[in-house]
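Asks: Okay, handing you the structure first.
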Amino acid sequence: MTQTVDLEKWVVKTRKSIEKIKNLKPKDRLEKVKDILECNNSIAASVNGWTFWLMSPQIMEKFDDKELDEILKKFQEIAIKFLETDLEYSEKFIKEKKAKKKEPDEERKTTYIG
């Protein structure tokens with residue numbers, strides 16, 4: 001019974017999180033970072049819950065083959081989209097870091113005439 005109550009609390013909390021995320025309207029850079037963190041934390045909490053479920057044969061036996069196919073398809077789409085976003089910004093960060101290394105330091109730009 002307690003697992004059902006906990007799951008019902010999770011559903012209520014998650015619905016509130018979804019509404020909160022839908023209504024984010026950051027006004028500045030700091031709020032944008034905070035809101036990205038909010039999204040990331042919500043995803044992480046869900047992933048942790050799914051990991052628990054996936055590691056539990058007692059829970060996973062409740063899903064039939066068709067449901068597992070549906071879950072897999074949705075997870076593939078989510079994973080690909082999330083990882084593509086990760087790659088996009090990781091590669092951008094790498095490119096910017098390499099570009100900065102190529103720029104000469106201010107000290108080397110200065111010419112001293114004695």
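The values are calculated or read from the model by the stated rules, or taken from the named source; none is laboratory data. Because the structure is a prediction, the values reported are computed rather than measured. Please note: Cβ atoms are built from the backbone with ideal geometry, for glycine as well, and neighbour counts cover all protein chains shown.
Asks: Could you grab me the full set of residues in the range 46-84 that are part of a helix (DSSP H, G or I), of a type in the set (Asp, Glu) and over 22 Å from GLU8 (Cβ atoms)?
Replies: ASP65, ASP69, GLU70, GLU77, GLU84
Asks: Is it the case that the range 21-29 has a residue that's among the polar types (S, T, N, Q), in a helix (DSSP H, G or I) and out of contact with any Cys (no Cβ under 8 Å at 6 or more places or on another chain)? Let's see the steps before the verdict.
Replies: So the first thing to find is which residues in the range 21-29 are among the polar types (S, T, N, Q), and the list is 23.
Subset that is in a helix (DSSP H, G or I): none.
Checking the range 21-29: not a single residue is among the polar types (S, T, N, Q), in a helix (DSSP H, G or I) and out of contact with any Cys (no Cβ under 8 Å at 6 or more places or on another chain).
Asks: Something else: THR111: on the phi < 0 side of the Ramachandran plot and either in a helix (DSSP H, G or I) or at pLDDT 95 or above (or both), yes or no?
Replies: no
Asks: Between a residue in the range 2-21 that is free of Cβ contacts under 8 Å to residues at least 24 places away in the same chain and any residue that is surrounded by 10 or more Cβ atoms within 10 Å (Cβ to Cβ) and of a type in the set (D, E, K, R), which pairs come within a Cβ distance under 7 Å, given they are 6 or more apart or on different chains?
Replies: Final answer for the pair search is ILE21/GLU38.
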